[in-house]
């Protein structure tokens, strides 16, 4: 890519619509970077299902003696997911929206960034710059994960210096004419999941509740969802 086109279309792989979102998505936040118990709970949540958690090496494990074995397992999982889980693809950009609890809609665009246009060193003039300091000791383990990897699973959000609104807003204006990647039901599930994560990060508490709503008194309703899961 040319320096003037540091943001470009990408070959974006997507999981099957049958893959559960609550297990596929992995929230990697700074406040949990060194919290081993958080990652252990994440592993319990994702157990037995495809998850992006299985494609990354959390920083909390970098000092453990089994980092090389973890990288090898990650690469094997990438090969498996590439064949059996990531069954859809988009060649281009993906326009996304997220509604915050306040009702504000945040717009975004998923694409490819040219790392030749990026530098974390102070004083260098480049098109893509970090918003915080880079810990150089963390770079080698990440290089190991990416060396020979079949997939790339970035989890960053970038801010665009675009005061004239030339990047995202023109696409948003024609979003109704774009083919949807996910149907409305899928988007509602994802929105609920992200809102729950946002609430958990704000309060420091995450929990799961189950409610059955009905008009009037209906004692014929099952007390759990087991009947739904067992309904063939």
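Can you tell which of 130, 170, 154, 141 is exposed (fewer than 12 other Cβ atoms within 10 Å of the Cβ), within 23 Å of the chain's Cα centre (by Cα) and either modelled with pLDDT of 85 or more or within 30 Å of residue 83 (Cβ to Cβ) (or both)? Lay out the reasoning, then the answer.
Numbers: 130 fails: exposed (fewer than 12 other Cβ atoms within 10 Å of the Cβ); 170 fails: within 23 Å of the chain's Cα centre (by Cα); 141 fails: exposed (fewer than 12 other Cβ atoms within 10 Å of the Cβ).
Answer to the selection: 154.
Tell me, which residue of segment 157-167 that is exposed (fewer than 10 other Cβ atoms within 10 Å of the Cβ) and free of Cβ contacts under 8 Å to residues at least 12 places away in the same chain is nearest to the chain's Cα centre (by Cα)?
161
Taking segment 64-113 as the search range and keeping residues that are in a loop (DSSP other than H, G, I, E, B) and at pLDDT 90 or above, which one is farthest from residue 148 (Cα to Cα)? Before you say what the answer is, go through the steps one by one.
Here is the first cut: in segment 64-113, the ones in a loop (DSSP other than H, G, I, E, B) are 64-66, 85-87, 93, 100-104, 111.
Of the ones still in play, those that are also at pLDDT 90 or above are 85-87, 93, 111.
Details: 85: 19, 86: 18, 87: 21, 93: 25, 111: 22 Å.
In this case the residue turns out to be 93.
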Anything in segment 174-186 that is loosely packed, with under 12 Cβ neighbours inside 10 Å and at pLDDT below 75? List them, or say none. 183, 184, 185
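Going through segment 168-198 one residue at a time, which ones are part of a loop (DSSP other than H, G, I, E, B) and in contact (Cβ under 8 Å) with a residue 24 or more places away in the chain?
If we filter segment 168-198 for residues that are part of a loop (DSSP other than H, G, I, E, B), which is where we start, we get 168, 173-174, 178-183.
Matches in segment 168-198: 168, 178, 181, 182, 183.
Considering only segment 98-127, state which residues are surrounded by fewer than 14 Cβ atoms within 10 Å (Cβ to Cβ) and out of contact with any helix residue (DSSP H, G or I) (no Cβ under 8 Å at 6 or more places or on another chain). So that I can check it myself, show each step before the final result.
Step one: list which residues in segment 98-127 are surrounded by fewer than 14 Cβ atoms within 10 Å (Cβ to Cβ), which gives 99-106, 115-116, 121-126.
Scanning segment 98-127 gives 102, 103, 104, 105, 106, 115, 121, 122, 123, 124, 125.
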Identify the residue in segment 187-204 that is within 22 Å of residue 85 (Cβ to Cβ) and in contact with a helix residue (DSSP H, G or I) (Cβ under 8 Å, 6 or more places away or on another chain) and, among all such residues, is surrounded by the fewest Cβ atoms within 10 Å (Cβ to Cβ). 189
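The values are calculated or read from the model by the stated rules, or taken from the named source; none is laboratory data. A quick note: this is a predicted structure, and the numbers were derived from the prediction, not measured. Neighbour counts run over all protein chains shown; Cβ positions are idealised from the backbone, glycine included.
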